[in-house]
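The next block holds one structure in the form of structure tokens; read it before the comments.
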Amino acid sequence: MIKKIIFSAIQPTGKLTIGHYIGVLKNWLKYQNIYECFFCIADLHSWTNVVNNKIKKNIYDILSILLALGLNYKKCNIFLQSDIVEHLKLYWLLNCYTYTGELFRMTQFKSKIKNNKNLNCGWLNYPILMSSDILLYYTNYVLIGDDQIQHIELTKNISKRINYLYKNNIFNIPKYILSNNGSKIMSLLNPNLKMSKSDINKNNVIYLLDSYKNIKFKINNSITDSQYPPKIIFDKINKPGISNLLNIFSNIKNVSINILEKKFINFSYKNFKNIFIYEIKKFLKDIQKKYILIRNKEKKLKKILLYGKLKVKKYAKKNFFKILYNMNINYLNLS
Ligand code: TRP
């Protein structure tokens, strides 16, 4: 039986948060055991922030966290995007089958350009690079957070368009899978907004590498509500703060929210938070211990990337050649 193909990617920028773990990475861990997975550190995407000269260091940081979380580089294909030049080759071809209007409609682009009139074109074209990442591997399912849905819809449109134009199944039309039933992890002080690694107020965010002291402070100060007597129940509309904590708790312990509601039925918010802090500390401590061990072995990390590169390169080369052939443009010598 041919295994389904999964693709996902993460940018090597900023510090990973508990939201990344629950929103996407938990699914990476799950699917590595089931399907043929391509997990990419999307460093070319990070060039949109040209001022960011820390990409190289961040690549090793992110790779170490992924491994510390339990990603197994022998089971799945973990690789660096810039190691596989076919992503860029296909990217250019896809550019020529994408309408500018489609790119101007992307909400991420629209919000970026609102605050920056001198935005570089990378921000406009970046969804096409993402499409190239996905389509190059004949991906069946893309694992994403909900902020990327629009980009996957674009990928579907581009691939359908090309298939139609060439009357040939040149690409697979990918579907997406959201983690956690699509439910987002929210900011601690403003639980109506999504938790974001780029939040200027660091007290809104739980980072995977946060110290115990910081975590304790942030959770103790997180917004709940003033219901009296207090109720630890999941009610996103009336109790977004408590619901958010329950959502995180349920995900790190792998127990249902229903069970948690029963467990904490007569608890005060303070006591609930204390147990929450204890559990999250336990969860993160284990990851952080592994992280330090792994991050200190940079030579080994380099080897892991090389191992991934060699495995993935074979697919990428073969697939790219096949795409050119099926589009009848194999006169292009892009090797
Ligand atoms: N754009 C994604 C992000 O910023 C990362 C990414 C790059 C990606 N290529 C991808 C995600 C392909 C899914 C599939 O989070």
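Any chance you could look up the accessible area of TRP28 with a 1.4 Å probe, heavy atoms only, rounded to 10 Å²?
Accessible area, nearest 10 Å²: 0 Å².
Determine the order of LYS303, LYS282 by accessible area, beginning with the largest, at a probe radius of 1.4 Å.
The most accessible residue leads, giving LYS303, LYS282.
Please list, by residue number, every one of the trypsin sites (Lys or Arg not before Pro) in the range 1-74 that is coil in DSSP and has at most 12 other beta-carbon atoms within 10 Å.
Filter output for the range 1-74: LYS3, LYS74.
Which whole-Hz couplings ³J(HN,Hα) result when phi for each residue of the range 91-101 is put into the Karplus expression 6.51 cos²θ - 1.76 cosθ + 1.60, θ = phi - 60°, listed in order with x for Gly and Pro?
Using θ = phi - 60°, the values come out as 3, 5, 4, 5, 3, 7, 10, 10, 8, 4, x Hz.
Could you compute the FRET efficiency for LEU193 and TYR35, with r as their C-beta to C-beta distance and R0 at 22 Å, rounded to 0.05?
The calculated FRET efficiency here is 0.10.
Using the charge dipole of the chain (Lys, Arg: +1 at Cβ; Asp, Glu: -1 at Cβ; taken about the Cα centre), state which of TYR91, VAL205, GLY101 has its Cα farthest towards the positive end.
Of the options given, the answer is VAL205.
Keeping all protein chains in place and using 1.4 angstrom, which order do LEU154, LEU306 fall into by accessible surface area, from largest down?
Ranking LEU154, LEU306 by accessible area, largest first, yields LEU306, LEU154.
For the chain, what is the mean residue ellipticity at 222 nm derived from helices alone (per DSSP H run of n ≥ 4: -39500 (n - 2.57); sum divided by total residues; nearest 500 deg cm²/dmol)?
-15500 deg cm²/dmol
Mind giving me the FRET efficiency for TRP47 and TYR212? R0 is 56 Å, r the Cβ-Cβ distance, nearest 0.05 is fine.
0.95
Identify unpaired cysteines across the chain, taking unpaired to mean no other cysteine Cβ lies under 4.7 Å from the residue's Cβ.
Here CYS40, CYS96, CYS121 come out as lacking a disulfide-compatible partner, given the Cβ-Cβ threshold of under 4.7 Å.
Rounded to the nearest 0.05, what FRET efficiency do LEU306 and SER226 have when you use their Cβ-Cβ distance and R0 = 45 Å?
The calculated FRET efficiency here is 0.20.
Return the inverse of the average 1/r over all pairs of distinct C-alpha atoms in the range 29-114, which is the Kirkwood hydrodynamic radius, in Å to one decimal.
One over the average 1/r among Cα pairs gives 15.4 Å for the range 29-114.
Taking a probe of 1.4 angstrom, what is the accessible area of LEU119 in Å², to the nearest 10?
30
Taking only the alpha-carbon positions of the chain and ignoring solvent, what does the Debye formula give for the base-10 log of I(q)/I(0) at q = 0.12, 0.13, 0.15 Å⁻¹?
These q points yield log10 I(q)/I(0) values of -0.90, -1.03, -1.29.
Could I have the simple spin-label model distance between LEU119 and ILE177, label points 7 Å from Cα toward Cβ, reported in nm to one decimal?
Those two pseudo-labels are separated by 3.1 nm.
Largest first and in whole Å, give the semi-axes of the range 74-119's equivalent ellipsoid, each being the square root of 5 times a Cα gyration tensor eigenvalue.
Calculated on Cα positions only, the semi-axes equal 28, 16, 10 Å.
Averaged over all directions, how much area does the convex hull of the C-alpha atoms of the range 246-315 cover when projected, in nm²?
Its average projected convex-hull area is 7.0 nm².
Evaluate the charge dipole of the range 1-125 about its Cα centre and quote only its size in Debye, nearest 20, assuming +1 on the Cβ of each Lys and Arg and -1 on the Cβ of each Asp and Glu.
320
Placing +1 at every Lys and Arg Cβ and -1 at every Asp and Glu Cβ, with all other atoms neutral, what dipole size does the chain have around its Cα centre, in debye to the nearest 20?
900
According to the Cα gyration tensor, what semi-axes, each the square root of 5 times an eigenvalue, does the equivalent ellipsoid of the range 174-292 have, listed from largest to smallest in whole Å?
Values for the range 174-292, descending: 21, 18, 16 Å.
What list of ³J(HN,Hα) values in whole Hz, one per residue of the range 165-174 in order, does the Karplus curve 6.51 cos²θ - 1.76 cosθ + 1.60 (θ = phi - 60°) give from phi, with Gly and Pro shown as x?
4, 9, 6, 8, 7, 6, 10, 6, 8, x
Any idea of LEU129's accessible area? Nearest 10 Å², probe 1.4 Å.
That residue has around 20 Å² of solvent-accessible surface.
Given H placed 1.01 Å from N in the peptide plane, which residues other than close sequence neighbours of ILE78 have an amide H under 5 Å from its amide H?
Sorted by chain and number, the residues that satisfy this are PHE39.
The values are calculated or read from the model by the stated rules, or taken from the named source; none is laboratory data. Everything numeric in this text was worked out from a predicted model, so none of it was measured. Neighbour counts are summed over all protein chains in view; Cβ atoms, including those assigned to glycine, are modelled from backbone coordinates with ideal geometry. Areas reflect the complete protein model, heavy atoms only, side chains present, ligands, DNA and RNA absent. Shrake-Rupley method; radii C 1.70, N 1.55, O 1.52, S 1.80 Å.
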